[in-house]
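Take a look at the structure set out below.
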Amino acid sequence: MDADLTPLLRPELTWLWQALAATADRRGDEHLTTGPAVTVTVPADPAQRAAAAGLIRGRPLEPGQRRRITLEELTTALAARGPRITPGAVAAHACNRSLAEKARGHAEKNAARDRIRAQLDSSLTTLPGHVRELLGPATLFSRLRGLGWITRLANTQDAAELLAQALQVASRLPLPGQRIDRRLLVPGNPHALDAGALPALVLALTGSPGSGTRSSWARLGVDYDDLLGGLIVTGVHPAGWHIPAGATVTIPPRELAPITWEPPPATGEWVFVTENPSVLAAAANRHALAGATAEAPRVICTAGTPSQLECEAIALLADAGWRIAVRADFDPPGLAHVRALLAAAPDAIPWRMGAADYLAAAPDGTDGADLLRLQDTDSPWDPGLASAMVKRSVPVYEEDILPQLLSDIAGGTPGDS
């Protein structure tokens, strides 16, 4: 701005501009032309005091003295070097950085949060009564904030549009007792809720985050795609199905809901339930190498987090006369999988899911990079397992103990746990 800053940027004045820059950062004011006076500590160096004498009015500067600088007076003093120059501008040049960015960022985020709150408040009044009750207006904002969604929205360029879309989807949720296909919730775009931020935000708004996607939508009266997903099975199949021995098939959710399992060929035979497809694949490959005369493995794979429907289908194996052994990875999600399966199928047993199994496979010591936060109640079948996992603080995956699992499957009996 045609200002002559050279005399102001002398090293002897750096102390003054650093003090003003710190004030600008605290106040969120990058100009510092008005506002409360700024208090500075006068340096001991005579050259530094002499350099500031023309900028700080009043009695002579004394070493160590605390002096108050009136911003209006400092702005007037600087005008001799440029009519539009400000104390903040000089401080920014002297410190070679922009000022007040952090405070300005906080202010912008607070403003964004206020806009989100206002949008929620205004939109909730237009929603159907059963949807408002589902969202819980009194606690909605704090719940979204606790889930991290307010911060996420505040950092999203099209936050208002995304929130409006999610609320519009929520407005189309059916009345209790009624159902709707998920693909009809966004007219003209049947795949809008397949993945991404929009379906995640809808589930967060309705209090359904963190659970299985299919069961989360089912809780809302929304029918998820019932042709994809389900259970991968070998050696066991629904009653009435004719499948070649040793063949592997996927039973989609559509077929799991009313499922009746074919009973075992003999009383007391086991079905092994695993989390990872690699276990089922290895068991099927071993059987293929053994030849047609070998007994086919009986394995069911959930391929990750089992839905409530999948857990209930697995529980029905007991009604057909099967004994059920369940397991998953030794990590927090894996423990949650086993808890869900055991809750749905109380006659099932954990399969190589004890503390001794974990410790036998877990590396000694850890660098803390994979800290496991667990409580004893996270492994109710063996409270010592969660404690051991916290102490070792490393996950153990099913692939890490694959030889033992394959030996159990081939022998038809789960190993000791």
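The values are calculated or read from the model by the stated rules, or taken from the named source; none is laboratory data. Because the structure is predicted, anything quoted here is derived from the model rather than measured. Virtual Cβ from ideal backbone geometry, glycine too; neighbours counted across all protein chains shown. Accessible surface is based on the protein model in full, side chains and every heavy atom, while ligands, DNA and RNA are left aside. Shrake-Rupley method; radii C 1.70, N 1.55, O 1.52, S 1.80 Å.
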The range 117-212: relative contact order in percent, alpha carbon pairs under 8 Å with at least 6 residues between | 29
Protein-only accessible surface order, largest first, of PHE141, PHE272 at 1.4 Å = PHE141, PHE272
State the volume of the convex hull built on the alpha-carbon positions of the range 23-114, expressed per residue in Å³ and rounded to an integer.
-> 113
Extreme residue, positive dipole direction of the chain, given options SER123, PRO36, VAL396 (C-beta unit charges) | PRO36
With an 8 Å cut-off on Cα pairs and a minimum separation of 6 or more residues, tell me the relative contact order of the chain in percent.
-> 10
Out of all DSSP beta bridges with both ends in the range 218-314, state the antiparallel percent to the nearest 5.
-> 75
Name the shape class, rounded, prolate or oblate, that the alpha-carbon gyration tensor gives for the range 244-337, where a ≥ b ≥ c are the square roots of its eigenvalues, rounded holds for a/c under 1.5, and otherwise prolate holds if a/b is larger than b/c and oblate otherwise.
-> oblate
Extension gain GLU108-ALA138, at 0.36 nm per residue separation less the Cα-Cα distance, in nm?
-> 8.3 nm
So, in Å, what gap is there between the alpha-carbon centers of the range 111-167 and the range 1-35?
-> 41
Extend 7 Å from the Cα of ILE180 along its Cα-to-C-beta direction; within the range 107-148, residues with backbone N under 19 Å of that point are 123-137
Restricting to the chain, compute how many DSSP beta bridges are antiparallel as a %, nearest 5.
-> 55
Got a number for carbon plus sulfur as a percent of the chain's accessible area, 1.4 Å probe?
-> 52
Using helices alone, what [θ] at 222 nm do you get for the chain, with -39,500 (n - 2.57) per DSSP H run of 4 or more residues, divided over all residues and rounded to the nearest 500?
-> -12500 deg cm²/dmol
For peptides 276-285, 304-313, 159-168, sequence by mean Cβ density within 10 Å, most packed first | 304-313, 276-285, 159-168
Quick one: net charge around LEU220, please, counting Lys, Arg +1 and Asp, Glu -1 for every other residue with C-beta under 11 Å from its C-beta.
-> +3
Can you give the charge dipole size of the chain about its Cα centre, rounded to the nearest 20 debye, using +1 on the beta carbon of Lys and Arg and -1 on the beta carbon of Asp and Glu?
-> 2200
Accessible area per residue, 1.4 Å probe, Å², for the chain: what's the number?
-> 50
Between the range 298-361 and the range 225-278, the alpha-carbon center distance in angstrom | 15
Please report the base-10 log of the normalised intensity I(q)/I(0) for the chain, using a Debye sum with one equal scatterer per alpha carbon and no solvent, at each q in 0.12 (1/Å).
-> -1.00
Using a cut-off of 14 Å between beta-carbons, work out the net charge of the residues near ILE116 (Lys and Arg +1, Asp and Glu -1, ILE116 not included).
-> +2
Sparse-neighbourhood loop hits (trypsin sites (Lys or Arg not before Pro), the range 167-270; DSSP loop; Cβ within 10 Å at most 13 others) -> ARG179
For THR293 and ASN189, calculate 0.36 nm times their separation in residues minus their Cα-Cα distance, and state this gained length in nm to one decimal.
-> 32.3 nm
